[in-house]
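The values are calculated or read from the model by the stated rules, or taken from the named source; none is laboratory data. Remember, it's a predicted structure, so these values are computed and weren't measured experimentally. Here the Cβ positions follow ideal geometry from the backbone for every residue, glycine too, while neighbour counts run over all protein chains shown. The area values use the complete protein model at the heavy-atom level, side chains included, leaving out ligands, DNA and RNA. Shrake-Rupley method; radii C 1.70, N 1.55, O 1.52, S 1.80 Å.
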Amino acid sequence: MNISDSSFSGRRVEQQVIGQATRDGDGVKLTRVLTQSHQRRLDPFLMLDNFGSDDPNDYGGGFPDHPHRGFETVTYMIAGRMRHRDSAGNEGLLQNGGVQWMTAGRGVVHSEMPEQEEGVMEGFQLWLNLPSSQKLCPPGYKDIQSESIPEYQTPEGIRVRVIAGQSQGVIGAVHRSAAEFPTNPLYLDIHFETEGQFRQELNVQQNAFLFVYRGAVHVVTDGLETHVGLHRMAILQNEGNGVEIKAMPGSKVLLIAGQALNEPIAQYGPFVMNTREELMKAVDDFRAGLFNS
Ligand code: MN
């Protein structure tokens, strides 16, 4: 633990959120956990979807060709196989425990299609905003296989997968300089293989939330425990110097944090810019086929 017991002050849970059941793409059933109503509070995060089903009718249609501009999509596959293809010429198979980090920048058209006809498909897609200065950057794409995601185990037996940022000295699969990427995202997947308590350092400026996808957890503040149940998102207050999470064996939780951009957010479906004019330009450029180059 890199925060000594005496100086640690854990964040409280500000609000708990139940996601909204919806369908997207070609009828893929999902729960939208972080919705548009949280975009200001959880700046720089724009959306978090959780999909999970063993019924092919819920996921078989996938996400056929569609555009994005102005932000990044981070897809974390817990189980199943999904193939990605995009207009920048990238292709990759996203599977069990792997991550795809796509920077839409000035524009991509891509598809995300299941490569299985049965079995479980489960995962998350997070949308991370780009600062205005980078919204029209060239598109980028990174496929991170499960074995390439750095992880560590605490002495208590808690397994921490560091997808982005840094945790207890372990550098994540995606780690960029704060100067280059001011949102400085932290993305952890924490598996409580035994009962235990986990602490993560956070600065007060970072907006942070967690999402429980197995079991249940408690957020500990000054000896007080707040229960966060299965499939709940807990928004954490901006205070103290970290968060302390306690859980029973088998619990799994995502912990996500980032530095707010504090810029205007204008969204029209898969385009996220700063102004309405920029959104209209995005639609015009997409219709003119400018995303396909
Ligand atoms: Mn997409």
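One table, with the values for the structure above:
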item: In region 210-241, the residues that are under 22 Å from residue 35 (Cα atoms) and polar (S, T, N, Q); result: 237, 238
item: Of residues in region 141-152 being open to solvent by 20 Å² or more (accessible area, probe 1.4 Å), more than 16 Å from the ligand (Cβ to nearest atom) and touching a Gly at 6+ places or on another chain (Cβ under 9 Å), the one nearest to residue 90 (Cα to Cα); result: 145
item: Residue in region 67-78 that is modelled with pLDDT under 95 and in a loop (DSSP other than H, G, I, E, B) present; result: no
item: Criterion (closer than 28 Å to residue 260 by Cβ, charged (D, E, K, R) and in contact (Cβ under 8 Å) with a residue 60 or more places away in the chain) met by exactly one of 43, 24, 54; result: 43
item: Residues being open to solvent by 10 Å² or more (accessible area, probe 1.4 Å) and either within 13 Å of the ligand (Cβ to nearest atom) or outside any loop (DSSP other than H, G, I, E, B) (or both) - total across region 108-128; result: 8
item: Every residue from region 158-175 that is under 13 Å from residue 189 (Cα atoms) and surrounded by 19 or more Cβ atoms within 10 Å (Cβ to Cβ); result: 158, 160, 161, 162, 163, 164, 165, 167, 172, 173
item: Leading residue by the ranking (farthest from residue 161 (Cα to Cα)) among those in region 261-279 that are surrounded by fewer than 17 Cβ atoms within 10 Å (Cβ to Cβ) and within 16 Å of the ligand (Cβ to nearest atom); result: 268
item: The lone exception for residue 35 - which of (1) away from the ligand (no atom under 13 Å from the Cβ); (2) surrounded by 20 or more Cβ atoms within 10 Å (Cβ to Cβ); (3) within 18 Å of residue 271 (Cβ to Cβ); (4) not basic (Lys, Arg) it fails; result: (2)
item: Residues satisfying the stated conditions in region 1-40, i.e. of a type in the set (D, E, K, R), within 23 Å of residue 216 (Cβ to Cβ) and not in a strand (DSSP E or B); result: 11, 12
item: Criterion: away from the ligand (no atom under 15 Å from the Cβ), under 21 Å from residue 34 (Cβ atoms) and either open to solvent by 40 Å² or more (accessible area, probe 1.4 Å) or not acidic (Asp, Glu) (or both) - qualifying residue of 131, 138, 155; result: 131
item: Enumeration of residues in region 170-188 that are of a type in the set (S, T, N, Q) and over 14 Å from the mean Cα position of the chain (by Cα); result: 177
item: Single unsatisfied condition, residue 84 versus (1) open to solvent by less than 10 Å² (accessible area, probe 1.4 Å); (2) closer than 26 Å to residue 282 by Cα; (3) more than 11 Å from the ligand (Cβ to nearest atom); result: (3)
item: Region 51-75: number of residues that are surrounded by 21 or more Cβ atoms within 10 Å (Cβ to Cβ) and more than 14 Å from the ligand (Cβ to nearest atom); result: 1
item: Some residue of region 94-101 being within 19 Å of residue 212 (Cα to Cα), within 16 Å of the ligand (Cβ to nearest atom) and in a strand (DSSP E or B); result: yes
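Okay, residues lined up against (1) open to solvent by 10 Å² or more (accessible area, probe 1.4 Å); (2) at pLDDT below 95; (3) in contact with a Cys (Cβ under 8 Å, 6 or more places away or on another chain):
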site: 177; (1), (2), (3): yes, yes, no
site: 201; (1), (2), (3): yes, no, no
site: 207; (1), (2), (3): yes, no, no
site: 218; (1), (2), (3): yes, no, no
site: 224; (1), (2), (3): yes, yes, no
site: 233; (1), (2), (3): no, no, no
site: 237; (1), (2), (3): yes, no, no
site: 252; (1), (2), (3): yes, no, no
site: 259; (1), (2), (3): yes, no, no
